[in-house]
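Trainee: Right, I'll just put the structure down here and ask away after.
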Amino acid sequence: MANQTMEMEKRQRPRRKKHHVRNFFLLLVLVLIAGGTAYGMKKYQSIKNAVDTTYQASGAKKLRNVNEVLSAKKPVSILLMGTDTGALGRTFAGRTDSMMVVTINPQTNKTTITSIPRDTAVNIPGYTSYGVSKINAAYAYGKSKTAITTVQKMLNIPIDFYAIINMGGMEKIIDEVGGVTLKPTLSFSYGGYTFKKGVKTHMNGKKALAYSRMRDDDPLGDYGRQTRQRKVIMALLNKSNSISSLLNEDFISSLSKQTQTDLTFNDLTALATNYRKATQHIKTTHLQGASETIESQSMEVASKSELQRVTNYIRKALGLSHKTTGMIAQMDSTSSTATTDTTSGTGDTGGPGGGY
């Protein structure tokens, strides 16, 4: 019955423009973190100017003193966003194709990645007169400031930093490390490439992008795409030796043209020095919604219990005390439970911690 319902929802969902997955700025951050101190501060200074060109303050209110957080080696959160605006000479504008909240905890040596579906229904702060909107519109309405504010208010969590990347970043990193190897979780053809379920496949940048992009032929739709996207990230992280070899000025300079962030060079240095081990143990999840038509648009509506689960998951990863989830999401009256895929350990459901 569940499979029939899923198939009906898939048929009813209008076919939309195929979007690219662009949130792999995580890899730029982890280029420095995974590289650690292998090259010493002198090497970092040689790429400082290139990294500095990525800096762009969001204008969003910080809910914590991030300098104190880093100095005390406390867990940090980074909102990663991806756009297709770098293609064809476009600039950083438009809606975000994808959104993730990453936490890095040097105290537990764990990293979490929480995907937020781009079609999640919310009331965007400062733009409530527009009615219920998809969360990917937050960036289009008010750039990083509004996107950060929306996530903070939706989940009642602090976002310490943000990063946004366009399509060139992921492809370039994958090619530079010699590609990644994955076992596809389903068989499909997309973008001129064919993938077979369970067959170990080596992918260059273009092929990995194709593997990450497909959505319409996935029984789980955008949720399935998010899972494949996270698997590509983790495959890259497993090649930490290759990632550390990317610490050169030419590569960082090239990649910096495709990214924006409010992480300074000193922030990245602190992450590289004190947070590196935490990136070796990664757990992932996503916010699960139910497909509904709102104001003639297909949106993903998360239940209150599901929003609370994700709030608990992120706050626990940050070592923060329990708090009630936010109130700006468009919620249904039913309970929704998300499936959690993990690379090690089991999914968390929240718990007490230290607290902002």
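The values are calculated or read from the model by the stated rules, or taken from the named source; none is laboratory data. Since the structure is predicted, the reported quantities are computational estimates derived from the model, not experimental observations. Note that each Cβ is placed from the backbone with ideal geometry, even for glycine, and that neighbours are counted across all protein chains shown. For the accessible areas, the whole protein counts, side chains as well, though only heavy atoms, and no ligand, DNA or RNA atoms are used. Shrake-Rupley method; radii C 1.70, N 1.55, O 1.52, S 1.80 Å.
Trainee: Tell me which residues, restricted to the stretch 52-85, are over 22 Å from T112 (Cα atoms), assigned to a loop (DSSP other than H, G, I, E, B) and either among the aromatic types (F, W, Y) or open to solvent by 70 Å² or more (accessible area, probe 1.4 Å) (or both).
Mentor: The answer is T53, Q56, K61.
Trainee: Residues that are among the polar types (S, T, N, Q) and more than 29 Å from V122 (Cα to Cα): find the helices (runs of 4 or more DSSP H) completely inside the stretch 143-244 holding 1 or more of those.
Mentor: In the stretch 143-244, 240-244 are the helices (runs of 4 or more DSSP H) which contain 1 or more residues that are among the polar types (S, T, N, Q) and more than 29 Å from V122 (Cα to Cα).
Trainee: Just give me the residues in the stretch 320-349 being at pLDDT 85 or above and open to solvent by less than 50 Å² (accessible area, probe 1.4 Å), in sequence order.
Mentor: L320, S321, T325, G326, I328, A329
Trainee: Of (1) in contact with a helix residue (DSSP H, G or I) (Cβ under 7 Å, 6 or more places away or on another chain); (2) crowded, with 23+ Cβ neighbours inside 10 Å, A317 satisfies all except one. Which?
Mentor: Only one criterion is unmet by A317, namely (1).
Trainee: Still on this structure, I have one more. What single numbered condition from (1) open to solvent by less than 40 Å² (accessible area, probe 1.4 Å); (2) at pLDDT below 80 fails to hold for A235?
Mentor: (2)
Trainee: Oh, and also: Filter the stretch 117-135 down to residues that are of a type in the set (S, T, Y) and in contact (Cβ under 8 Å) with a residue 12 or more places away in the chain and give me whichever is most open to solvent (accessible area, probe 1.4 Å).
Mentor: Y127
Trainee: Residues E300, E306, E295: which one is over 29 Å from T108 (Cβ atoms), within 19 Å of the chain's Cα centre (by Cα) and not polar (S, T, N, Q)?
Mentor: Sole residue among the options that is over 29 Å from T108 (Cβ atoms), within 19 Å of the chain's Cα centre (by Cα) and not polar (S, T, N, Q): E300.
Trainee: Sticking with this one: Hey, among L182, L220, which residue is open to solvent by 10 Å² or more (accessible area, probe 1.4 Å), closer than 25 Å to M299 by Cβ and more than 15 Å from the chain's Cα centre (by Cα)?
Mentor: After applying the criteria, what remains is L220.
Trainee: Moving on. Given (1) of a type outside the set (D, E); (2) modelled with pLDDT of 95 or more; (3) over 23 Å from L287 (Cβ atoms), identify the lone condition not met by T54.
Mentor: The number of the failed condition is (2).
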